[in-house]
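The block underneath contains the structure these notes are about, expressed in structure tokens.
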Amino acid sequence: MLRLPTVFRQMRPVSRVLAPHLTRAYAKDVKFGADARALMLQGVDLLADAVAVTMGPKGRTVIIEQSWGSPKVTKDGVTVAKSIDLKDKYKNIGAKLVQDVANNTNEEAGDGTTTATVLARSIAKEGFEKISKGANPVEIRRGCYNFCKWRQRNWQYHL
């Protein structure tokens, strides 16, 4: 029976030989600042525009192409949000953030996904605008979080 430290000592030379072949050898494309925010905001706007047309009782119907079967016809905001996948990875990051908002709203409340998507776009747009003017992103997040906590405590007084 081999002891575990002995097995690890025997594996070390093999791992040194294989290590260069097991690592990923491609570069990451990294963007910072206003360029990255602008691309993310374009993705947020694309998804929010597609979802916003389904808002309210007079909301429009959206036809979603599917890889199999006939197209899907829906007025559900979360279904429209889930179906969007953008080719540009930076725009797709913004779209995925808003998709998460729609999915979480659907799981928590079951309705209001379109409204949550439109609000998320507005928060992102205003937040990016304030950040580009020099505001601290952590303080913006903290302010949103504190408002939500306050609103939860005082919701019955403002109806």
Check: Extension gain MET55-ALA36, at 0.36 nm per residue separation less the Cα-Cα distance, in nm?
Finding: 4.0 nm
Next item on the list: Distance check, please: which entries in LYS91/LYS133; LYS91/LYS149; LYS75/LYS130 exceed 28 angstrom between their Cα atoms?
Entry: LYS91/LYS149; LYS75/LYS130
Check: With all pairs of different alpha carbon atoms counted, what Kirkwood hydrodynamic radius in Å does segment 20-101 show?
Finding: 14.6 Å
Next item on the list: Mind jotting down the distance between the C-alpha centroids of segment 108-141 and segment 27-61, whole Å?
Entry: 12 Å
Next item on the list: Count charges around VAL80 for me, please; just the other residues with Cβ under 13 Å from its Cβ, Lys/Arg as +1, Asp/Glu as -1.
Entry: 0
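Read-outs: derived from the displayed coordinates by stated rules, not from any lab. Given the structure is predicted, the values throughout are model-derived calculations rather than measurements. Quick reminder, even Gly has a Cβ in these numbers, built from the backbone with ideal geometry, and neighbours come from all protein chains shown.
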